[in-house]
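Presented below is the structure to which this report refers.
The values are calculated or read from the model by the stated rules, or taken from the named source; none is laboratory data. On a predicted model such as this, the values are computed, not experimentally measured, just so you know. Every residue, glycine among them, receives a Cβ derived from its backbone with ideal geometry; neighbour counts consider all protein chains shown. For accessibility, only protein heavy atoms count, side chains too; no ligands or nucleic acids. Shrake-Rupley method; radii C 1.70, N 1.55, O 1.52, S 1.80 Å.
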Amino acid sequence: MNLTLKIWRQAGPRHPGEMVTYKVQDISEDMSFLEMLDVLNEQLNAKGEEPIAFDSDCREGICGMCGLMISGEAHGPEKTTTCQLHMRSFSDGEVITVEPWRANAFPVIKDLVVDRGAFDRIIQAGGYISANTGSAPDAHAVPVPKPNADRAFVAAECIGCGACVAACPNASAMLFMGAKVTHLSELPQGQPERAARVVSMVDQHDHEGFGGCTNVGACSQACPKGIPQDVISTLNKDLRAALRG
Amino acid sequence: MTDTTVNAGIAHGLYTEGEPVADTKAPAGPIAGKWTQRKFDAALVNPANRRKLDVIIVGTGLAGGSAAATLGEAGYNVKVFCFQDSPRRAHSIAAQGGINAAKNYKEDGDSTYRLFYDTVKGGDYRSRETNVYRLAEVSANIIDQCVAQGVPFAREYGGLLDNRSFGGVQVSRTFYARGQTGQQLLIGAYQALERQVAAKTVKQYTRHEMLELVVADGRARGIIVRDLVTGEIETHFADAVVLASGGYGNVFFLSTNAMGSNVTASWRAHRKGAYMANPCYTQIHPTCIPVSGEHQSKLTLMSESLRNDGRIWVPKNRDDCDKDPRQIPEEDRDYYLERIYPSFGNLVPRDIASRQAKNVCDEGRGVGPVVGDFRRGVYLDFADAIARLGKDAVEAKYGNLFDMYARITGENPYEVPMRIYPAVHYVMGGLWVDYDLQSTIPGLFVTGEANFSDHGANRLGASALMQGLADGYFVLPNTIRDYLAKGPFEALADDHPAVAEARGRVEQRTARLLQIQGERSVDSFHRELGNIMWEYCGMERSEEGLLKAIDLIRGLREEFWRNVRVLGSGDTLNQSLEKAGRVADFLELGELMCIDALHRRESCGGHFRAESQTEDGEALRHDDEFLYVAAWEFSGGDGDGEMSTPVLHKEDLVYEAIELKQRSYK
Amino acid sequence: MAGTGLVFAGYVLLHMYGNLKMLAGEEAFNTYAEHLRTIGEPMLPRSGLLWVIRVVLVLSLVGHAYAAFALWSRAGNARRTKYAAAKSAMRTAWMRWGGVFLLVFIAWHLLHFTFLKISPNPDKQGPNVTQNPYELVVASFQVPWMTLIYVLAMVALAFHLAHGVFSAQQTLGWTMTPHAYRRAKAVGYATAAVVVVGFLIPPLSILFGLIK
Ligand SMILES: Cc1cc2nc3c(=O)[nH]c(=O)nc-3n(C[C@H](O)[C@H](O)[C@H](O)COP(=O)(O)OP(=O)(O)OC[C@H]3O[C@@H](n4cnc5c(N)ncnc54)[C@H](O)[C@@H]3O)c2cc1C
Ligand code: HEM
Ligand code: HEM
Ligand code: SF4
Ligand code: F3S
Ligand code: FES
């Protein structure tokens, strides 16, 4: 198939960017979206134009490195990561816009590549259980009821891709943060730090310049791992409990 | 069949042989007591002094992330590097199946010794007993540690951990978290690491790529990195350097590894004097989604667990290969694994399943689209399982894998049999290390997939995760202190000749890659190298093929340094430049892999030499000749892409606790 | 946000209930209006509770609008470069512009019924009407354009509440299971439906002459 692509090009963090139009021909339906961009990049390289920078690593939908806003949808029209999106989801002759995640807390580095360091800093603020190596009791010392274990797992599936922020009209990272808080709050091991964790993570979130959550739910709809919006509810509840002391 | 004439490699002047190497750190005595003894013997570092000791860790996968967190907790000054935008994205995240541990929670007869035994046997008796025993010994602690960190392993209704059996092993010792075990383990290590970053014991450098090792006065003392965002070349010093930079399966271009997985960190260390061990040992995984066309950038693994219920077959007649598989009657199907290996059937080890798939496709009985000149795929059929268990049960077990398959291929595996084909998945080879995980360069430690130590010629499923975490949480922190206790070493000045040399080399290389401005893209070289490697150094290797491959690689490498086109500049994010550096190193590694494969004129584990097989086509080892680790020394070649004849050092493998046997799965 | 929003939601439901007394006839409605003012007597002065409600409502409105505008501006700062192509975020637009519309409506509504500054029906003027709440309402909604304004306002209110009531439960942490989550969504839609229908019955009945 043949496609018209409108892609955001930006030379560096402090350069202005613009949408540039490209055409690609003979794209196979079996290609992934990123392989289609690879093809475009080979063409650009052959013409002496600098290839388009975009992030990807595992190309299996698990590392969370990739992520593009495709015609206004985070990770494109399917509920999956950009690397697992295939060209059969598009039709011949389609015009596709490709933009980086847009959020001030995710500054653009180049073209479609953004800096998601803010996520690491939110985790640093408390997204962990303090368990020094070697201090752990036997794994069977504390059983975890299956429903809690299952919900912890669902929340733990977050791959840190940032699509939730990209899709949220408020550019809020509440789903990402709610996923981590819920994962740890559901487990007995996560209890001692439960209150302190949520308070400092939310502080860091606000400090990074993410927007506030108004429960819109676009995040959850865009999330390639289907993290449910109810994790935000858990975060809110933990936060209120913590603030009440 | 043993060939007593001069080895073909030597005959062709491809390598020379040097002094043997030996692991001198494993204490004497019975195998079960060695690790305790070693921990006791290793010097201690006073907590007050730890702050003054700097450790650099390259890599944030299971091996590097866990080591960084643990050394940070201990109070050392740690700097950790990765090329991704966050430590959490290291390739370990992609592991699906599970992690082994000798917990014996199922009371099914598992034990440290049995895990040790299975791993050695699975490795086709080409691994070092002492290391493997230790691995089995610490495996149970890994699970405890991970649970304490909040890793959400699968649990039973009673709230206790669930296990499954994996990869043809007879006990249930694999802990798992749905199909995302690697992700969950890595996030656990990552969170522990971020906690140390907050505590300021660890400083993390993301989007930084190590491009050179600094070796001064005989010790590894630092690294040269490129900040991938600003392009700045930086020097970082330390008292010890740990490489946890993962595997190099991407030398094949198409593999199940992440796009960025590379050999650069290891190869640069190799060029500086670290021996590279058994580089030709590659694991080819049988259940991957087949290549669909020329555009393909990577291959996707589907969990081995599919082989528990799926039946593998191809048509008996070539003429049926393009038919709808549902129209092919039972009597015209060849369930070749069940036919050849009646007792193990579809559950034979990875190397065997892969090779047989290749054989039937080479015979022209493959299925799916014609790629290149033949069809590369076999059916993995769930029709029987669906009839037996019901669609719902199959969906409950494998739903996420089926969905992934459907997304990638556009076919519905509940209706039409899946197609699978083998793909490069893991490398058992890597930098040589002793029992302390120290390479031949003092102060350079290597952990995880980047070292060679634990899996011999073939790795069992679910044991790479175990090894990465064993190394990082439990082994390295205990052994590195023996070395660090000698520090802190004298500070190095930026104009120290060793530092200036390393930095200068990186700067020149970067500049040169940008100057060539040739005709061909980096990817085109990588693809071509991959084809050569797959064709001649893949599932089956022969003397003739390997000699040809070496020639081809040399030619390609020469062309690369003359004709590659890398656009853009060095002082911004430049992904072509990053790839170019990695491909340049693959072009050197590929040659060494072929030389290693050529010299090892036996078949063992993942290394199958056409010249060394039994009458019915099974791998034939030659323990009399090849019961050793091949540790290769880089012998010079100053310019980019230049390598002179490598030197082979043999480490003899001694089996005391386990008796050598010929593997059989018939 | 959630607290103030729920105060409104509660008030609106009560208010709607009161308005429905229109159906029971002039007396019932006027008694109710009167009762509103005498409730709590003699503990509270006349109209005491009404004033308590008024104060709570005004404070809530200020708090609610303040929080809404603060979030709005924070969202603006959190994404200064807009997408070239965005699947428009309808829900936020509805909440924000719908909220602003409601604010304007409330002002209009107070001028109309509470301060009696607006008397749309040329046929029914004077203290007879203004002193009789029932008459006043009937007089107003016999005017089609006035009814239209209220219909539009009620539709806006319904959208605002459909999301708002769910949202408040989410914010309060009442939706931690998939089941509770679905329930919260349903409560939101139900409230919206009840409110829009409930409020609109009297005006439409009047307009179509069922109540005179
Ligand atoms: C698809 C797939 C499934 C698998 N499933 C299983 C399984 O079920 N069970 C199992 O036991 N094993 C499995 N494996 C194998 C296992 O995942 C890996 O062997 C293991 O995770 C490797 O971990 P590591 O820490 O050594 O390296 P990696 O996780 O690969 O980490 C490498 C790190 O090094 C960094 N790095 C590399 N080069 C540089 C450089 N030059 N400069 C700076 N940083 C650098 C990277 O940024 C990264 O952080 C699987 C592998 C694959 C590919
Ligand atoms: C009396 C009428 C009103 C009612 C009944 C009402 C009710 C609610 C409720 C219940 C919420 C959800 C709170 C939460 O998310 O926690 C909400 C949110 C909101 N309201 Fe109102 N509100 C009213 C008036 C207004 C007005 C006048 C404005 C405009 C300034 C406004 C703007 C908003 C905004 C922007 C939100 C967004 C927050 C969100 O989406 O949750 N509302 N409202
Ligand atoms: C069709 C819909 C409505 C009708 C017919 C209606 C009718 C009335 C009437 C008759 C009064 C005067 C009551 C009295 O003074 O005794 C009144 C007051 C009031 N209404 Fe409404 N109303 C409607 C909708 C709304 C809505 C949607 C809101 C809020 C969002 C609202 C908020 C108010 C307020 C704040 C007062 C003033 C109460 C006071 O303090 O005296 N009304 N309404
Ligand atoms: S919550 Fe979903 S969308 Fe957000 S970072 Fe995690 S996986 Fe990505
Ligand atoms: S879309 Fe945004 S507003 Fe909240 S519910 Fe999701 S973070
Ligand atoms: S590249 Fe890893 S999730 Fe897409």
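Give the residues of segment B:358-380 that are more than 18 Å from residue B:319 (Cα to Cα) and buried (at least 22 other Cβ atoms within 10 Å of the Cβ), sorted by residue number.
Within segment B:358-380, just B:380 meets the criteria.
Do the conditions hold for residue A:80, that is, is it outside any helix (DSSP H, G or I), among the hydroxyl-bearing types (Ser, Thr, Tyr) and surrounded by 17 or more Cβ atoms within 10 Å (Cβ to Cβ)?
yes
Among the residues of segment A:120-156, which ones are at the interface with another protein chain (Cβ under 7 Å from one of its Cβ atoms), closer than 30 Å to residue B:575 by Cα and within 15 Å of ligand 4 (Cβ to nearest atom)?
Those that are at the interface with another protein chain (Cβ under 7 Å from one of its Cβ atoms), closer than 30 Å to residue B:575 by Cα and within 15 Å of ligand 4 (Cβ to nearest atom): A:120, A:123.
Given the residues B:419, B:407, which is the only one that is open to solvent by 10 Å² or more (accessible area, probe 1.4 Å) and either touching a residue at least 12 places away in the same chain (Cβ under 8 Å) or not charged (D, E, K, R) (or both)?
B:419
Search segment B:178-195 for residues being without any contact (Cβ under 8 Å) to a residue 60 or more places away in the chain and facing chain A (nearest Cβ under 7 Å), and hand back the single one that is nearest to residue B:98 (Cα to Cα).
B:184
In this structure, is residue B:201 in contact with a Pro (Cβ under 8 Å, 6 or more places away or on another chain) and either open to solvent by 20 Å² or more (accessible area, probe 1.4 Å) or at the interface with chain A (Cβ under 9 Å from one of its Cβ atoms) (or both)?
Answer is no for this residue.
Consider segment A:15-30. How many of its residues are away from chain C (no Cβ under 14 Å), open to solvent by 20 Å² or more (accessible area, probe 1.4 Å) and not hydroxyl-bearing (Ser, Thr, Tyr)?
Within segment A:15-30, residues that are away from chain C (no Cβ under 14 Å), open to solvent by 20 Å² or more (accessible area, probe 1.4 Å) and not hydroxyl-bearing (Ser, Thr, Tyr) number 5.
Determine which member of the set B:393, B:387, B:406 is in contact with a Pro (Cβ under 7 Å, 6 or more places away or on another chain) and in a helix (DSSP H, G or I).
B:406
Looking at the structure I just gave you, is residue C:171 within 14 Å of chain A (Cβ to nearest Cβ) and within 16 Å of ligand 5 (Cβ to nearest atom)?
It is true that residue C:171 is within 14 Å of chain A (Cβ to nearest Cβ) and within 16 Å of ligand 5 (Cβ to nearest atom).
For the subset of segment A:31-89 comprising residues that are hydroxyl-bearing (Ser, Thr, Tyr) and touching a strand residue (DSSP E or B) at 6+ places or on another chain (Cβ under 8 Å), which member is nearest to the other protein chains (Cβ to nearest Cβ)?
Among those residues, the one meeting the criterion is A:71.
Scan segment B:524-532 and tell me whether some residue there is in contact with a helix residue (DSSP H, G or I) (Cβ under 9 Å, 6 or more places away or on another chain), without any contact (Cβ under 8 Å) to a residue 24 or more places away in the chain and open to solvent by less than 40 Å² (accessible area, probe 1.4 Å).
yes
Out of the residues in segment C:87-122 meeting the condition of being open to solvent by less than 60 Å² (accessible area, probe 1.4 Å) and over 30 Å from residue C:137 (Cα atoms), tell me which one is farthest from ligand 4 (Cβ to nearest atom).
C:93
List the pairs whose first member sits in segment A:215-235 and is facing another protein chain (nearest Cβ under 8 Å) and within 10 Å of ligand 5 (Cβ to nearest atom), whose second member is open to solvent by 20 Å² or more (accessible area, probe 1.4 Å) and charged (D, E, K, R), and whose Cβ atoms are under 8 Å apart, counting only residues at least 6 apart or on separate chains?
A:216/C:91; A:217/C:91; A:218/C:91
Would you mention how many residues in segment B:37-75 are under 28 Å from the mean Cα position of the chain (by Cα) and either open to solvent by 20 Å² or more (accessible area, probe 1.4 Å) or of a type outside the set (Val, Ile, Thr) (or both)?
16
Checking the structure you have, find out if any residue of segment C:168-175 is surrounded by fewer than 17 Cβ atoms within 10 Å (Cβ to Cβ), away from ligand 4 (no atom under 16 Å from the Cβ) and on the phi < 0 side of the Ramachandran plot.
The answer is yes; a qualifying residue exists.
Just the residues that are at the interface with chain A (Cβ under 10 Å from one of its Cβ atoms), open to solvent by 60 Å² or more (accessible area, probe 1.4 Å) and of a type outside the set (S, T, N, Q), please, taken from segment C:45-85.
C:72, C:74, C:80, C:82, C:84
Please list, ordered by first then second residue, the pairs with beta carbon atoms under 6 Å, 6 or more apart or interchain, first in segment C:1-17 and open to solvent by less than 50 Å² (accessible area, probe 1.4 Å), second within 16 Å of ligand 1 (Cβ to nearest atom) and at pLDDT below 90.
From residues that are open to solvent by less than 50 Å² (accessible area, probe 1.4 Å), there are no pairs.
Identify, from the list B:566, B:583, the residue that is out of contact with any Gly (no Cβ under 6 Å at 6 or more places or on another chain), open to solvent by less than 10 Å² (accessible area, probe 1.4 Å) and without any contact (Cβ under 8 Å) to a residue 60 or more places away in the chain.
B:566
Out of segment B:252-275, which residues are within 14 Å of chain A (Cβ to nearest Cβ) and either polar (S, T, N, Q) or part of a helix (DSSP H, G or I) (or both)?
Matches in segment B:252-275: B:255, B:256, B:257, B:261, B:262.
Could you tell me whether any residue of segment A:199-211 is of a type in the set (Ser, Thr, Tyr) and open to solvent by 30 Å² or more (accessible area, probe 1.4 Å)?
Yes, segment A:199-211 has at least one match.
Only one of these is outside any loop (DSSP other than H, G, I, E, B), within 28 Å of the chain's Cα centre (by Cα) and either at pLDDT below 95 or of a type outside the set (Lys, Arg) (or both): B:573, B:556, B:514. Name it.
Being outside any loop (DSSP other than H, G, I, E, B), within 28 Å of the chain's Cα centre (by Cα) and either at pLDDT below 95 or of a type outside the set (Lys, Arg) (or both) holds for just one of B:573, B:556, B:514, which is B:556.
For residue A:103, which of the numbered conditions (1) of a type in the set (Gly, Ala, Ser); (2) touching a residue at least 24 places away in the same chain (Cβ under 8 Å); (3) assigned by TED's automatic domain parsing to the domain that holds residue A:212 fails to hold?
(3)
Out of segment A:98-119, which residues are in a loop (DSSP other than H, G, I, E, B) and either facing another protein chain (nearest Cβ under 8 Å) or within 22 Å of residue A:179 (Cα to Cα) (or both)?
A:101, A:102, A:103, A:104, A:105, A:106, A:115, A:116
This table checks each residue for (1) at pLDDT 90 or above; (2) closer than 19 Å to residue C:6 by Cβ.
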residue	(1), (2)
C:17	no, yes
C:23	no, no
C:31	no, no
C:42	no, no
C:66	yes, yes
C:73	yes, no
